[in-house]
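Inspection log for the structure reproduced underneath, given as C-alpha cells.
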Amino acid sequence: MNSKAQIVATIGPSSEGKKIVREMIEHNMDVARLNSSWGTYGEHSEYIKNIREMAEKVGRHIPIILDLSGPRIQGKNGHKFDYKAIEALTCKDVVDLEFGIVEKVDYIAMSFVGNAEDVLKLREKMREFGKVIPIIAKIERKIAVHNIDEIIKVADAIMIARGDLGNEIPLEQIPFIEKDIIKKCKTAGKPVIVATQMMLSMTENTEPTRAEVTDVAYAIINGADAVMLSEESANGKHPLEAVIMMEKGIKEAEKHSKDIKINKL
C-alpha cells in the first residue's frame, strides 16, 4: 500500500532516462518537478515526454510542476534572492511560463513570492497566454511568511522552500514556521509541500542520515501533503534510492499519525 502523502521528485541529469523515470514512478514518485533555472527547453521537453510516456506505461497520472527561477543571483555557493528586483515575475519567467503552457504542465511554481499581488500578476499573465494553470506559491522570503495568510488565499498550493527561507530567517525558527504554515494550509484546504534538503546526503550516499529521516517524519506528522526531493533526484548519484527511502519514511510516519487527510496535487 502506497503512502497517502505525495513524493515530489525533481527530474534532471540523474533521472532523465526512461528506465530510471519508470522505476521512480513504480516506487511511488507521485509528482515530477522541473527546475527552469537549469537545463534547456529541449532537455525539459524530453523530460516531460519521458515522464508522460512512462506514467502511461505504469498506469498512473504523474502531475508535472514547472518551477520558475524568479529574481535570483547566482553566486559561488548557490543562488540568492535579487533584492534589486522590482517584480517577483521576471522576463525569463514569462518565457518559461509560455514554454510550460505549450507543454501543458500541470502546475507552475512561482519563486520568491512576496505577497498575494505577485500570485495574481502571474495568473493575469497566464490569461494573456490563454491558459490558467494552478499556481504553487513558494515561501522563501521573510515578507512571504509575514503575508502568508493572503498568499494562501490566492494560491492553489504552497511550497515551503526552506533553502532560501533559511537565508532570511534564523535557522532555528524554520521548523516552527514550517509547522505554522502547514497548519494554515490544512485549515484552508490547500496542498502544502515541504521542500529542500530533506534527504540531501543521498546526493552522494545510498542511505539518508537519521536526522533526515526524522525531518521527513516531522513534516508528515505535522500534516504536510507532500515532501520534495531536489538535487537528490535531479543530479544526485542515487535518485531511485532517495525515492524509495522517502516512501519508507512517509509510510512509517503515517502509522503514527491520526486522521490523516491529504490535499493531493
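The values are calculated or read from the model by the stated rules, or taken from the named source; none is laboratory data. Model, not experiment: these values are computed from the prediction. Positions of Cβ are backbone-derived with ideal geometry, glycine not excepted, and every protein chain shown enters the neighbour counts.
Observations on the model:
- Restricting attention to region 185-210, the residues being in a helix (DSSP H, G or I) and either surrounded by fewer than 16 Cβ atoms within 10 Å (Cβ to Cβ) or touching a Leu at 6+ places or on another chain (Cβ under 6 Å) (or both) number 3.
- Gly59 satisfies every condition listed in (1) on the phi > 0 side of the Ramachandran plot; (2) surrounded by 15 or more Cβ atoms within 10 Å (Cβ to Cβ); (3) at pLDDT 95 or above except (2).
- Within region 198-210, residues that are at pLDDT 95 or above have Cβ atoms under 9 Å from residues that are among the basic types (Lys, Arg) and in a loop (DSSP other than H, G, I, E, B) in these pairs: Met202/Lys237; Thr203/Lys237; Glu204/Lys237; Asn205/Lys237; Thr206/Lys237, counting only partners at least 6 apart in sequence or on another chain.
- Within region 80-98, the set of residues being more than 26 Å from Lys190 (Cα to Cα) and of a type outside the set (Gly, Ala, Ser) comprises Lys80, Asp82, Tyr83, Lys84, Ile86, Cys91, Lys92, Val95.
- Of the helices (runs of 4 or more DSSP H) that lie entirely inside region 28-134, those containing 1 or more residues that are closer than 23 Å to Ala144 by Cα and within 17 Å of the chain's Cα centre (by Cα) span 91-102, 116-129.
- Residue within region 39-53 that is touching a His at 6+ places or on another chain (Cβ under 8 Å) and either buried (at least 18 other Cβ atoms within 10 Å of the Cβ) or over 29 Å from Gly114 (Cβ atoms) (or both) present: no
Residue-by-condition table, conditions (1) under 28 Å from Ile11 (Cβ atoms); (2) touching a residue at least 60 places away in the same chain (Cβ under 8 Å); (3) exposed (fewer than 15 other Cβ atoms within 10 Å of the Cβ); (4) polar (S, T, N, Q):
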site: Leu66; (1), (2), (3), (4): yes, no, no, no
site: Gln74; (1), (2), (3), (4): yes, no, yes, yes
site: Val95; (1), (2), (3), (4): yes, no, yes, no
site: Met110; (1), (2), (3), (4): yes, no, no, no
site: Ala116; (1), (2), (3), (4): no, no, no, no
site: Ile135; (1), (2), (3), (4): yes, no, no, no
site: Gly166; (1), (2), (3), (4): yes, no, no, no
site: Gln173; (1), (2), (3), (4): no, no, yes, yes
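- For Asp259: the one exception among (1) modelled with pLDDT under 95; (2) charged (D, E, K, R); (3) under 25 Å from Ala137 (Cα atoms): (3)
- The set of residues from region 81-111 being in contact with a Pro (Cβ under 6 Å, 6 or more places away or on another chain) and aromatic (Phe, Trp, Tyr) comprises just one member, Tyr107.
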